[in-house]
Every structure is written in C-alpha cells, then in structure tokens.
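Asks: Pasting a structure below so you can have a look.
Where a number appears in this text, it was derived from the coordinates with a stated rule and is not lab data. Computed from a prediction, not measured in an experiment: that's the story for all the values here. So basically every Cβ, Gly included, is an ideal-geometry build from the backbone, and we count neighbours across all protein chains shown.
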Amino acid sequence: MDVTQFFPVMLAGFAAAVGFTPITKRLAVQWGVLAQPSARGVHRTPTPLMGGLAIYGALVLALLLFSPPFYLVEFGAIMAGATWLVLVGFVDDRNGMLPLIKLGGQAIAALVLILAGIQVRIFASEAINIAVTMFWIVGITNALNFQDNMDGLAAGITAIASVAFFVMAIQQQLSLVGSLAAALGGASIGFLIYNFNPATTFMGDMGSMVLGFLLAVLAIKLDFRVPAERQIVTWMVPVVVLGLPIFDTTLVTVTRLLEGRSPMVGGKDHTSHRLVSLGLSQRAAVLVLYGVCIVLGFTAVQLSHATIEEGLAIGAALGVAALAAFVFLHRVYQRSQQRPG
C-alpha cells in the first residue's frame, strides 16, 4: 500500500478545516454559541464555540472525496455516530446538558458502531466484547472531551495520535484506518491554526466528543493480525497511543472523588493546569504535553513490533512512569490548593 495515496485525504482535511473554521466562528457569534469567561476557563472574553463543526465538515468532505470505495457499512456507521455526536455537542454547547444525558448520547453513538460490526474482539464471550467496546468508546470520547481545557490541547493530541495510528495502518495495510487517520490528522492540524494559544475559537463539545469517538474507532479497527499469544502485546498499542487522555481522565476522576465532587463537573485540576501551577505558561504546558504524546506515539509504534517479553517490559516501564507522574501531580495539586488566594 503506497503511503502517498493518503496525502490527498490529509491535505483535503487540512485545507477544509482552514477554510471552514472562519465560517463557524461567524456562525457561533450569530447564534450566540460562545464560551463565556468563567472561573474554570482560561480566557477572559467570550470566544466562538463551534470549531468542532469545521473539523467535522472537513472530515466528511475529505473522506467523501478521497476515501477508498470499500467498507460502506462501517464508513456509514462511523459517520452516523460522528454526526449524532455533533448534534449532541451543539445542544450541550448552546444550552447545556446534564452529564447523564450526554453519556446516554455517547452510548447511542457506540451502539451504532456495534450494530455495524465495529467492536472489540478480544474475549470468547460476545457479551463481554460488547461491554468492553461500549466502555472503550464512551471512555475515550469523554477522555478527549476532558482534554479540551487549554488552547490547542485536544486538537494537538488528536493530530499526534492520528499520525501514530496512520503509521501503523500503513504498516498493516489497513486502508480504512489509514484514510480515517489521515483525514482526522489533517483536519485537526488545520483547526490548530486558529485554536493554538492564543485561541480565537474553541471546538466545543461538538468537536472534542467527535475527536474522541473517532480515535476510539481507529483503536478498535487497528488490526495487527498476530498469533493469539502476541495479542497481550498488541492490545496495549492503542492504550499507549491514547495514554495521555487516559492518564489525565484517571487523575482528575480520582482527585474529584477524593474531594467528594462529581467526576463529570469540570475544574482546573487537569494535568495541563497542574503544569501551569508549577510555573509553566499555558503554551509551554501544552507543548510539554505534545512532547509526551509524541513519545507515547513513537513507543506504541515500536510496541507493535515487539516480542512478548519486550512488550511486557515496555508496558511495565510505562506503568511505573505513569504511577510516578500520578503521585507527583497529585502532590502538585494538593500544594496548589493550600496556597493563599
């Protein structure tokens, strides 16, 4: 499979996002879909909140123009789930939505995929596979939603993860994964032109949920076709690619539960905020997290070729590093809460 065949879909996603984003900024102002300044936010002026529509439109356009003419059922299910989440996100961005209702909307998108045959196939029990699929899709959708807490963070994480998935898709000759990853990476980078610090527009839930949903799909569809005994290594690959969102979601969930707060109620307790409390600027904190994602993406590519012994060693090392980072950042947060003012 020639890697250059995917350049048109990547370039189309990039160009369309660059072109569509100014239009969605104007629509957000006209329709009053704006992020208002708040104690949780980092901006002090109302900011357009419909950038996710530009990302979605760029994805659809790029895939319709250049995606391979196969996998019509799966492609249709992926686009149907993404479209549904755009609508759910728009309602949430404009009017607000109870967390349980939003979770229900995400579960519907996951169910569409499962009905189309896009699901985890690790266990002998079909019921367990479906449950794991539902948990994975809803979990990663929310994990990316959580990353939309600082300028350029969610879009940058998505771009880096998409490149990692794209590289492995090329290696495994997976045309659907390659096309989707190329379009997603291109659209995310195009949107970053407007969303990197200082951002002039936000993607909103209609963007972050769609990005998380599509990354979850890429992870499920990344098929390494390896013997059963090596699956203990390959199942770790998408977890490593998406290691930062998974880590951050775990970190803030534990923090909020320990404080008696709902994990679904936002706050300035994310990894990015804790880096800022150490003295980094917002831009520097985001760049550090980009670096972490690049390292994780490179590690995941290496892991995809590793032996069982090498894979277990890499997994153990990452687990120790994650635990150390968790303890350190938890103490950083505790110290920041004890500071006066």
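Asks: Amide H to amide H under 5 Å from A35: which residues, 5+ apart in sequence or cross-chain, H placed 1.01 Å off N in plane?
Replies: T47, L49
Asks: Using the number of other C-beta atoms within 10 angstrom as an exposure proxy, rank S336, S188, S179 with the fewest first.
Replies: Numbers: S336 15, S188 31, S179 25.
Final ranking by Cβ density, sparse to dense: S336, S179, S188.
Asks: Let me ask something else. Between F135 and A284, how high is the FRET efficiency from 1/(1 + (r/R0)^6) when r is the Cβ-Cβ distance and R₀ = 35 Å? Nearest 0.05. If you can, show how the numbers build up before the last one.
Replies: Details: r = 34 Å, r/R0 = 0.97.
With R0 = 35 Å, the Cβ-Cβ based efficiency is 0.55.
Asks: Rank the residues T158, T4, T200 as a footprinting-exposure proxy: fewest other Cβ atoms within 10 Å of their Cβ go first.
Replies: On the way: T158 31, T4 6, T200 15.
Lowest count first: T4, T200, T158.
Asks: With each run of n ≥ 4 DSSP H residues scored as -39500 (n - 2.57), what mean residue ellipticity at 222 nm is computed for the chain after dividing by its residue count and rounding to the nearest 500 deg cm²/dmol? Present the calculation step by step, with values, prior to reporting the outcome.
Replies: Values: 14 runs with 248 residues, N = 341.
Per the formula, -24500 deg cm²/dmol.
Asks: Using the Karplus curve 6.51 cos²θ - 1.76 cosθ + 1.60 with θ = phi - 60°, work out ³J(HN,Hα) for each residue of region 2-13 in order, rounded to whole Hz, and write x for Gly and Pro.
Replies: In residue order, the calculated couplings are 7, 4, 5, 5, 9, 4, x, 5, 5, 5, 5, x Hz.
Asks: According to the square roots a ≥ b ≥ c of the eigenvalues of the Cα gyration tensor, what is the shape class of region 116-261, taking rounded for a/c under 1.5, prolate for a/b larger than b/c otherwise, and oblate for the remainder?
Replies: Working: a/c = 2.15, a/b = 1.27, b/c = 1.69.
It is oblate, given that a/c is not under 1.5 and a/b is not larger than b/c.
Asks: Right, next: Which one, (1) 90, 43, 39; (2) 57, 45, 36; (3) 63, 46, 31, gives Cα extents along the principal axes in Å as derived from the coordinates shown?
Replies: Only one listed value fits the structure, namely (2).
Asks: Sort region 69-160 into rounded, prolate or oblate with this rule: let a ≥ b ≥ c be the square roots of the eigenvalues of the Cα gyration tensor; rounded if a/c is under 1.5, and if a/c is not under 1.5, prolate when a/b is larger than b/c, oblate otherwise. Walk me through the numbers on the way to the answer.
Replies: Values: a/c = 1.59, a/b = 1.54, b/c = 1.03.
Prolate.
Asks: Considering the chain as a Gaussian network with a 10 Å cut-off on Cα pairs, which listed residue, L87, L115, L61, attains the greatest mean-square fluctuation?
Replies: Between L87, L115, L61, it is L115 that shows the largest mean-square fluctuation.
Asks: Convert each backbone phi in region 299-309 into a coupling constant with the Karplus relation 6.51 cos²θ - 1.76 cosθ + 1.60 (shift: θ = phi - 60°), then list the ³J(HN,Hα) values in order as whole Hz, x for Gly and Pro.
Replies: Along region 299-309, the couplings run 4, 5, 4, 5, 5, 5, 10, 6, 6, 4, 5 Hz.
Asks: Another question, then. How long is the gain from L115 to F328 if the chain were fully straight, where each residue apart is worth 0.36 nm and the alpha carbon distance is subtracted?
Replies: Numbers: separation 213, 0.36 × 213 = 76.68 nm, distance 4.22 nm.
Extra length from L115 to F328 when fully extended: 72.5 nm.
Asks: Taking square-rooted eigenvalues a ≥ b ≥ c of the alpha carbon gyration tensor, is region 222-341 rounded, prolate or oblate, where a/c under 1.5 means rounded and, failing that, a/b exceeding b/c means prolate? Numbers along the way, then the final one.
Replies: Values: a/c = 2.65, a/b = 2.09, b/c = 1.27.
Here region 222-341 falls in the prolate category.
Asks: Please order D223, D151 by the number of other Cβ within 10 Å, starting at the fewest.
Replies: D223, D151
Asks: Can you grab the distance from the C-alpha centre of region 6-39 to the C-alpha centre of region 239-301, Å, no decimals?
Replies: A separation of 24 Å, based on Cα centres.
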